[in-house]
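Every number here is computed from the coordinates shown, using simple stated rules; none is lab data. From a predicted model like this one, the values you see are computed outputs, not experimental measurements. No Cβ is skipped: glycine too gets one built from the backbone with ideal geometry, and neighbour counts run over all protein chains shown.
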Amino acid sequence: MAKGIWVFAEQREGQIKKVVFELLSEGRKVADQLGEELCAVLLGKDVAGLVDSLGEYGVDKVYITESDGLENYTTDGYTNVVTDLIKEHQPSVFLLGCTITGRDLAAQVAQRLETGLMTDCTGMEVVDGQLVFTRPIYAGKAFVKASCPEARPVMATIRPNTFTAEAKPKTPETVKVTPDIGNIRQVIKDIVRQVSERPELTEADIIVSGGRGMKGPENFKILEELADVLGAAVGASRAAVDAGWAPHSMQVGQTGKTVSPVLYIACGISGAIQHLAGMSSAKCIVAINKDEEANIFKVADYGIVGDLFEVVPILTEELKKLTAQ
Amino acid sequence: MKILVCLKQTFDTEAKIVLDENGKIERQGVSLIMNPYDEFAVEEALRLKENQGEGEVTVISVGGQQTQDALRQALAMGADKAVLVDPGDVELDEYSTATILAKVISGMEYDIILGGFRAIDDGSAQVAGRVAEILNIPVVNMITKLEVADGKAVATREIEGGSEVVEVPLPAVLTAQKGLNEPRYPSMKGIMKAKKKPMQKMTLADVGLEEGQIAPKVKAISFSLPEPRKAGKIIPGEPAEAARELARLLREEAKVV
């Protein structure tokens with residue numbers, strides 16, 4: 001019988017993604033409830049040093065596969081190695097973060113194993129011995145609860161910031177696996193990384209976002225200054241992206257990224273339904289907008305009706321003072 | 001060059017979602033559109049054909065009869081023919097849909113398969129990848145640039161915090177991310193022409209599948225709507241005063257900074 005709760009320990013450039021710790025923490029609870037082992041699967045080049053950080057979050061066992069060919073993520077290379085491991089050990093559950101890589105890998109692995117996959121989940125619970133997942137549909141305008149009753153492993157990708165990472169230190173057993181990477185058809189010709197000190201939009205605890213009211217790309221600087229004080233990511237509405245003021249990678253909403261930060265500060269954003277769909281699961285929403293009728297005020301916890309060009313710089317200064325205390 | 005585009009009909013992004021008396025998503029009275037990410041795929045297919053100077057663009061969808069509207073839109077944009085598989089009133093998941101698409105495609109000639117990287121309704125972003133896996137061809141997801149030459153595709157794709165350039169041999173599946181192109185609007189002439197273009201309608205049996213072969217792996221248990229958020233407080237006063245008060249509230253009341 002299939003046994004074991006597995007988590008994909010996604011890493012990039014020698015850093016485990018934050019969502020992995022969130023999955024291990026929640027996975028630990030599920031593993032205890034079901035009486036199964038919690039395992040992590042770690043792929044890459046020279047990544048053995050990352051095992052300790054996984055142990056911090058209560059993992060029982062780590063499967064490590066190291067190879068030059070796994071230094072960068074490729075769909076085929078990672079799918080081949082992960083699928084072989086799952087076929088050999090038959091876990092009951094395989095969880096991944098809903099990141100670009102997690103989503104890419106999950107679909108290939110699920111099909112090769114002919115199992116079900118629930119993506120971008122924001123909830124996970126055990127009901128009568130079955131894992132039931134909650135996932136937003138229509139970009140958060142509705143939710144569906146779903147399960148994978150028969151096929152194994154049950155697979156799901158979980159949205160970052162859904163669970164809280166809770167330290168539960170343990171010394172995990174490590175299992176070194178010699179990989180058969182197989183044939184990789186995707187040849188990576190070039191990787192361009194945008195150098196940014198800011199957190200990624202989907203993983204950020206705080207997001208400062210700008211819309212049409214920003215009036216131009218040059219004005220995003222004032223949002224960046226606020227973001228830097230808060231250690232926040234910078235986002236944009238579709239209006240701002242379509243106007244060419246911000247790249248699409250910054251877009252929050254139904255045709256952009258869906259985010260669940262602790263704090264979302266919307267500046268000059270009217271609050272179109274597509275935008276609200278992408279951010280309304282934020283714990284605290286702040287709206288700064290000149291138009292008191294703007295939709296965004298209907299979902300905001302705190303609102304200021306006023307000129308963002310006056311309000312935001314003062315807010316930045318105030319928060320700088322407060323956070324320095 | 002034979003280009004296939006898999007597309008889906010979705011609710012309009014403006015659609016308000018409500019539940020019907022059975023607690024499922026109400027589909028009556030909702031305006032339907034071609035999934036916006038699939039529009040990028042159709043546009044890219046047309047540009048590929050135009051750049052190559054020859055070729056054929058076939059658009060394929062799995063859905064009910066109303067899905068013809070989305071397929072006709074693709075034909076009006078310039079696609080050559082359409083295939084609609086109507087599986088009837090059966091529950092489908094991404095495994096089911098991918099199985100149907102792959103089965104139809106396996107009976108066709110193709111050099112490249114395009115699609116949106118996800119649909120805006122269930123947002124699962126896995127059907128195209130599953131199709132590639134079944135057909136045993138490579139997949140590149142979330143592309144923002146595509147060049148095709150000498151039996152290879154070179155695509156730029158979004159990755160976390162940047163982008164990468166990936167080369168794959170054809171045939172391959174490539175999925176579109178926003179930014180790939182700006183989809184054209186169908187011209188009046190295009191709309192007229194589309195009415196005469198071939199639209200092949202198939203049932204599961206026509207495809208050569210039985211219901212048992214597409215049984216979903218994932219079962220939906222229940223649907224719900226989010227709790228409406230309550231409007232909070234508007235902080236009064238001059239900008240400087242309001243900003244100071246907001247900073248204090250975020251620190252002391254909401255405790256989020």
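Using just the C-alpha positions of segment B:92-224 as equal point scatterers, what log10 of I(q)/I(0) does the Debye formula give at each q in 0.12, 0.14, 0.15 1/Å? Computed log10 I(q)/I(0) values: -0.61, -0.82, -0.92. Net length available on complete extension from A:THR164 to A:THR178 is 1.8 nm, with 0.36 nm assigned per residue and the Cα-Cα distance removed. Bridgeable aspartates and glutamates around B:LYS196 (alpha carbons under 18 Å apart, same-chain partners fewer than 8 residues away excluded): B:GLU56, B:ASP69, B:ASP80. Note on chain B: GNM, Cα springs under 10 Å; of B:LEU204, B:LEU48, B:LEU19, the largest mean-square fluctuation is that of B:LEU19. Over every Cα atom in segment B:1-155, the radius of gyration and the widest Cα-Cα span, Dmax, amount to 15.6, 55 Å. The orientation-averaged shadow of the Cα convex hull for segment A:274-325, equal to a quarter of the hull surface, comes to 4.3 nm². Students often get this wrong: which residues of segment A:230-269 have the backbone nitrogen under 15 Å from the point 7 angstrom along Cα-to-C-beta of A:VAL192? Within reach of a label on A:VAL192, which here means backbone N under 15 Å from a point 7 Å along Cα→Cβ, segment A:230-269 contributes A:247-250.
For the protein assembly as shown, the antiparallel share of DSSP beta bridges with both residues in that region comes to about 35%. Taking the centroid of alpha carbons for each part, segment A:91-135 and segment B:205-237 are 15 Å apart.
Quick check: from the Cα gyration tensor, does segment A:201-324 come out rounded (a/c under 1.5), prolate or oblate? The partial results should precede the final answer.
Numbers: a/c = 1.25, a/b = 1.21, b/c = 1.03.
Rounded shape, in that the Cα axes give a/c under 1.5.
The long axis of helix A:75-89 is offset from the longest Cα principal axis of chain A by roughly 50 degrees. Relative contact order of chain A, taken over Cα pairs closer than 8 Å and 6 or more residues apart, is 15 percent.
Among B:GLU227, B:GLU182, B:GLU50, which one shows the biggest mean-square fluctuation in a GNM of chain B, springs joining Cα atoms closer than 10 Å? Maximum fluctuation in the GNM of chain B, among the listed residues, is at B:GLU227.
Based only on Cα atoms, what mean projected area does the convex hull of the protein assembly as shown have, in nm²? Walk me through the intermediate numbers first.
Numbers: hull surface 106.5 nm².
If I average the Cα hull's projected area over directions, I get 26.6 nm².
Do any of A:LYS45/A:LYS221; A:LYS168/A:LYS283; A:LYS221/A:LYS283; A:LYS45/B:LYS103 go past 28 Å between their Cα atoms, and which? In this structure, A:LYS45/A:LYS221; A:LYS45/B:LYS103 lie more than 28 Å apart at Cα.
Rounded to the nearest 0.05, what FRET efficiency do B:SER106 and B:SER224 have when you use their Cβ-Cβ distance and R0 = 45 Å?
On the way: r = 38 Å, r/R0 = 0.85.
Given R0 = 45 Å and the Cβ-Cβ separation, E is 0.75.
In terms of overall dimensions, chain A has a Cα radius of gyration and Dmax of 21.1, 63 angstrom.
Take every pair of alpha-carbon atoms less than 8 Å apart whose residues are at least six positions apart; their mean separation over the length of chain B yields a relative contact order of 24 percent. Between A:THR171 and A:LYS320, the FRET efficiency from the beta-carbon distance, with R0 = 35 Å, is close to 0.25.
Three principal axis extents of segment A:5-176 based on alpha-carbon atoms, in descending order, are 42, 33, 29 Å. Principal-axis analysis of the Cα atoms of chain A puts helix A:18-34 at an angle of about 50° to the longest axis.
If I take all pairs of Cα atoms in segment B:54-122, what percentage of them are more than 15 Å from each other? Walk me through the intermediate numbers first.
Details: 1377 of 2346 pairs.
Roughly 59 percent, rounded to a whole number.
Take each residue of peptide A:279-286, count the partner chain Cβ atoms within 10 Å of its Cβ, and average: the result is 3.
Roughly how many nanometres apart are two label points built 7 Å out from the Cα toward the Cβ at B:THR203 and A:GLN33? In this crude spin-label approximation the distance works out to 4.4 nm.
Comparing A:ASP128, A:ASP228, A:ASP32, which has the greatest mean-square fluctuation in the GNM of chain A with Cα pairs linked when under 10 Å apart? Checking each option, the largest mean-square fluctuation is seen for A:ASP128. If R0 is 56 Å, the Cβ-Cβ spacing of A:GLU114 and B:LYS196 corresponds to a FRET efficiency of close to 0.85.
Relative to the longest principal axis of the Cα atoms of chain A, the long axis of helix A:100-112 makes an angle of roughly 40 degrees. In segment A:75-212, the alpha-carbon atoms span a convex hull of 199 Å³ per residue.
Remark: mean inter-chain Cβ contacts per residue of B:209-220 equal 4, using a 10 Å Cβ-Cβ cutoff to other protein chain atoms.
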